[in-house]
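Notes follow the structure.
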Amino acid sequence: MCRSAGVIKGSYPRAVGGAPLVDALAFCGPWRYSFTMTIGKRDDEARSPLIFRLDPRSGVPTYLQLVHQVEHAIRLGYLVQGDRLPRLKDVVASLSINPNTVQKAYRHLEQEGLIGGRPGQGTFVLASPETVDLATLNALRKRLVDGWLRDATAAGLDDDGIAALFQSALRDFREGRKSRAASSRDGRASGRSAGGVA
Amino acid sequence: MNVLETFGLGVRYGQTWAVSDCTLAIPEGRIVALAGSNGAGKTTLLHCAVGLTEATCGTVGLLGDLPAGSLDALERIAFVAQDAPLYRHLSVNEMVEVAANLNRRFDRPFASARLRALDIPVKRRVGKLSGGQQAQLALTLALARHPHLLMLDEPLARLDPVARHDVMALVMTMAAEEGVSVVFSSHVVSELERVADYLVLMAQGRLQLVGPIEDILAEHTVLNGPADEAERVGEHLCVVHAEKAARRVQLLVRHDRPIETPIGWEVDAPSLDELVLAYLRDPSLVGRSGPVAVAATAAGELAQ
Amino acid sequence: MTVAESTAAVGSGFPSTAIRDVPEWRRLAKVVRLQHRGAFLGMLALYIVCAVAILVGEGPARSMFATYVADHCLTDRIQAACPTISNNFSNMTDPISAMLFVLQVLPVIVGVFLGAPLVARELESGTYRFAFSQATSRTRYLVAAITMLGAFVAVGGVVLGLLIAGWAHPFEVVDVGEAIWLPGNFVTSWWLLAAWSVLGLAVGAFIGTIMRKTVSAMATALVVVGGLVGAAIAVGVRELVSIAPRVSKTITPQGLNVGAIGRQAYTGEGPRGAWLIRAWMTGPHGRALSPKQSTRMLALLSANKTSSGSALHLLALHHVSYWVSYQPASRFPLFQGIAGAFLVLFAVVATVITARRLRHLA
């Protein structure tokens with residue numbers, strides 16, 4: 001019965017309002033995929049403020065990209081406490097990626113304490129992480145510009161060279177930390193995202 | 001439970017072995033990329049699992065220990081063969097009828113909803129559909145059986161980018177919702193990189209790499225260092241592939257335990273693409289294959 | 001396994017409504033109907049053309065037979081008008097002979113156009129990868145197809161066989177040679193035509209499975225089924241009628257047709273409707289005449305062929321008896337039954353071999 005309802009509504013998506021449609025589809029399983037493809041973003045947004053995207057060339061593992069995007073959204077305030085994260089099926093359908101990858105990302109975020117699952121309802125944002133305040137950010141930035149960047153330029157490195165060197169150093173820094181402590185990824189991720197904001 | 005298990009599987013056509021010494025066990029719930037060059041034996045392996053080809057030697061078991069080709073196995077698996085063979089003289093509707101009547105379990109509402117969503121004209125002859133539509137139809141007929149294990153032989157070969165995305169998204173949704181285990185075969189690994197979490201790499205009928213992609217990647221490292229130290233460093237490592245430049249050399253090495261970085265060398269994680277390419281370049285390489293084969297593969301063999 | 005159990009085994013995603021308790025034979029019948037619709041329609045058209053040809057072709061014979069009956073020739077064939085009508089009948093055997101030939105070829109057509117592509121097309125076009133990966137056993141799939149197509153061609157064979165028998169009936173009654181025992185007529189009787197068509201189908205399917213190429217399988221089926229029908233017509237019937245003990249009896253030759261000795265067995269004289277196997281003459285002491293003596297006796301008989309009285313007189317004069325051995329007309333259904341049973345048995349064997357072959361398809 002539910003299935004046939006889904007079929008009918010799915011066939012005429014425009015004739016049906018957002019929320020009931022979402023509920024019908026949420027219950028209806030397999031073909032919800034095809035409808036999210038055709039209905040458009042409005043319903044998705046009503047469900048979760050977050051839309052994932054992937055950069056296949058970044059070299060960052062897919063699950064980490066998802067983790068970063070959630071962290072980033074929380075940090076920037078797109079996602080606040082109590083917001084719903086996209087459901088597994090929706091992420092899988094829109095990005096066409098392995099469901100295990102999404103599960104892994106969500107598990108990771110759960111371990112970080114950022115999100116939590118409510119049985120039967122979905123996954124929700126629990127708390128905002130500590131953000132680096134603007135003053136600290138500015139201070140860090142100033143140290144980078146006045147100190148290291150100036151020296152690097154003086155040494156003759158061009159912009160690409162500087163970027164490459166920074167990337168390489170950052171990677172070594174991360175690798176070093178990974179081998180020392182496995183659970184330090186949270187702080188590192190915050191640091192990088194904060195850098196991006198500044 | 002393993003969805004697909006082979007032990008010592010070999011298939012001979014005339015004088016040539018299409019598949020030989022194939023031992024693997026794919027656990028439940030995986031999205032498996034069955035990769036390899038053309039003619040590596042991917043299709044033969046899949047056909048063996050479905051029961052379309054008889055093993056010359058060895059055994060194949062599905063979903064626990066159901067024999068390949070048995071009705072019990074066929075009720076729980078679905079297979080879309082290469083180029084999505086369908087009855088071209090039938091209309092789409094009739095094709096659905098044929099599939100529905102060849103199976104006790106067939107989800108007609110699912111199939112018709114899918115076909116409607118895909119805008120496939122149900123009255124048109126199958127032979128008149130585009131290649132992409134035929135592939136979508138074949139996939140729909142397979143998914144409407146709600147299998148435990150879905151095996152797709154080169155499913156993306158005839159699809160345009162949008163259709164590729166849609167096909168993958170649908171299969172992944174089924175995997176998320178129903179826990180379907182999936183085996184994709186493809187000779188383009190990058191196609192499967194985002195979806196697969198398990199790799200079976202074949203070359204010349206033999207298995208080269210089998211295992212969770214994460215583990216495989218973790219067992220390989222790219223070392224970048226001075227060319228004149230290459231031999232000294234390579235001596236103690238299993239070098240899968242070496243690429244030499246004027247003064248630098250890049251070694252792709254395999255290791256069971258984390259390795260110590262030689263002084264003056266840079267360490268990097270390989271991408272799946274890079275790794276697969278290195279193995280495909282040398283079909284004689286066997287990295288990690290079969291549940292027991294890993295230990296048996298002497299490290300020295302690889303280091304040549 | 002019950003439905004409920006298997007539903008659970010199939011997983012949460014499976015809607016219970018999608019499991020239909022339709023018997024398997026019914027599902028397969030639907031599949032065969034859809035898949036072989038073209039073949040069904042093509043054969044149906046062929047059968048209709050044949051049936052129409054028979055109905056049209058037998059018109060003259062039928063009306064002449066009506067006259068024959070009206071003239072009471074059935075009871076007294078020496079009446080004035082009857083010999084003329086008899087003569088006219090013997091001038092009309094060409095169309096029916098042509099039609100009989102077409103029907104002899106029918107099993108070959110069935111074998112070539114229905115049997116050969118049955119499996120070969122699946123193998124050739126690769127659709128076997130679809131069909132054999134569904135949850136239906138290949139054996140049942142094959143048996144369903146052969147049973148349905150077989151039933152179809154059997155019904156067609158029965159109908160055409162009865163129609164052609166209706167056409168031939170006046171000729172037989174008037175006795176102008178289109179006897180039921182004639183190998184062509186024997187093969188195209190309703191029961192054997194059906195059996196031959198089924199055998200053609202099964203053999204065609206078998207060849208298609210072996211050869212895996214539709215066109216070459218068709219060519220081979222043409223040769224093989226054609227050869228089987230030809231062999232049956234050439235030797236099969238003769239061999240068949242010798243399996244039961246013959247009846248021997250001395251008769252009085254009625255005139256010309258005494259020459260059954262060394263001639264085709266179905267011509268010559270004997271009890272009405274019987275299959276003549278042998279004729280010979282015995283001398284005064286019950287000993288068979290030597291070939292030389294027989295020839296002389298026959299020449300004498302031919303020279304005095306005026307009436308049965310004179311032949312009898314001649315034979316009595318020389319103390320010679322004329323003997324025939326034959327299978328009586330009443331045994332016709334028995335032989336038909338035996339022949340048909342053999343053909344159906346062969347068809348079943350061919351199907352079994354095909355099914356085994358299909359199961360171990362590599």
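The condition of being of a type in the set (F, W, Y) and either free of Cβ contacts under 8 Å to residues at least 24 places away in the same chain or more than 11 Å from every other protein chain (Cβ to nearest Cβ) (or both) holds for C:F171.
Go through the stretch C:94-138 residue by residue and tally those that are among the hydrophobic types (A, V, I, L, M, F, W, C) and at the interface with chain B (Cβ under 9 Å from one of its Cβ atoms).
Quick first cut of the stretch C:94-138, residues among the hydrophobic types (A, V, I, L, M, F, W, C) only: C:96, C:98-103, C:105-106, C:108-110, C:112-114, C:116, C:118-120, C:123, C:130-132, C:135.
Those left that are additionally at the interface with chain B (Cβ under 9 Å from one of its Cβ atoms): C:130-132, C:135.
The qualifying residues number 4.
Every condition in (1) within 14 Å of chain C (Cβ to nearest Cβ); (2) modelled with pLDDT under 90 holds for B:V253 except the one numbered (1). Among the residues of the stretch B:117-136, those identified as closer than 15 Å to B:M168 by Cα and away from chain A (no Cβ under 14 Å) are B:G132, B:Q133, B:A135.
Taken over the stretch C:170-217, the criterion of being crowded, with 24+ Cβ neighbours inside 10 Å, small (G, A, S) and part of a helix (DSSP H, G or I) is satisfied by C:A194, C:A195, C:S197, C:G200, C:A202, C:G204, C:A205, C:G208, C:A217. Could you go through the stretch A:98-115 and let me know if any residue there is modelled with pLDDT under 80 and either more than 29 Å from B:L118 (Cα to Cα) or assigned by TED's automatic domain parsing to the domain that holds A:Q167 (or both). Scanning the stretch A:98-115, I find no residue that is modelled with pLDDT under 80 and either more than 29 Å from B:L118 (Cα to Cα) or assigned by TED's automatic domain parsing to the domain that holds A:Q167 (or both), so the answer is no.
Can you pull out every residue in the stretch A:93-105 that is surrounded by 23 or more Cβ atoms within 10 Å (Cβ to Cβ) and either over 18 Å from B:M174 (Cα atoms) or within 14 Å of the chain's Cα centre (by Cα) (or both)? Listed by number, the residues that qualify are A:L95, A:T101, A:V102, A:A105.
When the residues of the stretch C:60-101 are filtered to those that are free of Cβ contacts under 8 Å to residues at least 24 places away in the same chain and among the hydroxyl-bearing types (S, T, Y), the one that is surrounded by the fewest Cβ atoms within 10 Å (Cβ to Cβ) is C:T75.
When only residues in the stretch B:158-183 that are in a helix (DSSP H, G or I) and not aliphatic (A, V, I, L, M) count, which is farthest from the other protein chains (Cβ to nearest Cβ)?
Residue satisfying both the conditions and the ranking: B:P161.
Selection of the stretch B:121-157 for residues being part of a loop (DSSP other than H, G, I, E, B) and farther than 23 Å from A:V92 by Cβ yields B:P121, B:V122, B:K123, B:R124, B:L129, B:S130.
I'd like to verify a number: residues in the stretch C:108-126 that are free of Cβ contacts under 8 Å to residues at least 40 places away in the same chain and either touching a helix residue (DSSP H, G or I) at 6+ places or on another chain (Cβ under 7 Å) or among the aliphatic types (A, V, I, L, M) (or both), how many?
At the first step, the residues of the stretch C:108-126 found to be free of Cβ contacts under 8 Å to residues at least 40 places away in the same chain are C:122, C:125-126.
Pick out the ones that are also either touching a helix residue (DSSP H, G or I) at 6+ places or on another chain (Cβ under 7 Å) or among the aliphatic types (A, V, I, L, M) (or both) and you get C:122.
Looking only at that region, the number is 1.
Among the candidates B:L139, B:L150, B:L86, the residue that is surrounded by 23 or more Cβ atoms within 10 Å (Cβ to Cβ) and either more than 14 Å from chain A (Cβ to nearest Cβ) or without any contact (Cβ under 8 Å) to a residue 24 or more places away in the chain (or both) is uniquely B:L86.
Would you call B:P270 at pLDDT 85 or above and outside the structural domain of B:V60 (by TED's automatic domain parsing)? Even if it seems obvious, please write down each step before you answer.
Values: at pLDDT 85 or above: yes; outside the structural domain of B:V60 (by TED's automatic domain parsing): yes.
Judged against the criteria, B:P270 is a match.
Looking at B:P283, B:P262, which is the one that is assigned to a loop (DSSP other than H, G, I, E, B), within 28 Å of B:G10 (Cβ to Cβ) and of a type outside the set (V, I, T)?
Checking each option against the conditions leaves just B:P283.
Every condition in (1) away from chain B (no Cβ under 14 Å); (2) among the basic types (K, R); (3) surrounded by 15 or more Cβ atoms within 10 Å (Cβ to Cβ) is met by A:R87 except one, and the failing one is (1). Condition check for B:A230 on (1) surrounded by fewer than 21 Cβ atoms within 10 Å (Cβ to Cβ); (2) at the interface with another protein chain (Cβ under 10 Å from one of its Cβ atoms): one failure, at (2).
Hey, any hits in the stretch B:103-112 for a residue that's of a type in the set (D, E, K, R) and within 10 Å of chain A (Cβ to nearest Cβ)?
There is at least one residue in the stretch B:103-112 that is of a type in the set (D, E, K, R) and within 10 Å of chain A (Cβ to nearest Cβ).
B:V96 - would you say it is hydrophobic (A, V, I, L, M, F, W, C), surrounded by fewer than 20 Cβ atoms within 10 Å (Cβ to Cβ) and more than 8 Å from every other protein chain (Cβ to nearest Cβ)? The answer is no for B:V96.
Would the stretch B:226-236 turn up any residue that is assigned by TED's automatic domain parsing to the domain that holds B:A278, outside any helix (DSSP H, G or I) and over 19 Å from the mean Cα position of the chain (by Cα)? Steps first, please.
Restricting attention to the stretch B:226-236, the residues satisfying the condition of being assigned by TED's automatic domain parsing to the domain that holds B:A278 are B:226-236.
Keeping just the survivors that are outside any helix (DSSP H, G or I) gives B:226, B:236.
Pick out the ones that are also over 19 Å from the mean Cα position of the chain (by Cα) and you get B:226, B:236.
Looking through the stretch B:226-236, at least one residue is assigned by TED's automatic domain parsing to the domain that holds B:A278, outside any helix (DSSP H, G or I) and over 19 Å from the mean Cα position of the chain (by Cα).
The sole residue among C:G286, C:G268, C:G309 that is more than 38 Å from the chain's Cα centre (by Cα) and either at pLDDT below 65 or assigned to a helix (DSSP H, G or I) (or both) is C:G309. Of the residues B:A68, B:A49, B:A81, the single one that is touching a residue at least 40 places away in the same chain (Cβ under 8 Å), more than 8 Å from chain C (Cβ to nearest Cβ), within 19 Å of the chain's Cα centre (by Cα) and buried (at least 22 other Cβ atoms within 10 Å of the Cβ) is B:A49.
Here's the yes/no breakdown for (1) closer than 30 Å to B:D268 by Cβ; (2) surrounded by 21 or more Cβ atoms within 10 Å (Cβ to Cβ); (3) out of contact with any Leu (no Cβ under 7 Å at 6 or more places or on another chain):
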{"residue": "A:P56", "(1), (2), (3)": "yes, no, yes"}
{"residue": "A:P61", "(1), (2), (3)": "yes, no, yes"}
{"residue": "A:D83", "(1), (2), (3)": "no, no, yes"}
{"residue": "A:H108", "(1), (2), (3)": "yes, no, yes"}
{"residue": "A:E112", "(1), (2), (3)": "yes, no, yes"}
{"residue": "A:G117", "(1), (2), (3)": "no, no, yes"}
{"residue": "A:G120", "(1), (2), (3)": "no, no, yes"}
{"residue": "A:L126", "(1), (2), (3)": "no, no, no"}
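The values are calculated or read from the model by the stated rules, or taken from the named source; none is laboratory data. Since the model is a prediction, treat every value here as computed from it, not as a measurement. All Cβ positions, even for glycine, are placed from backbone atoms using ideal geometry, and neighbour counts span all protein chains on display.
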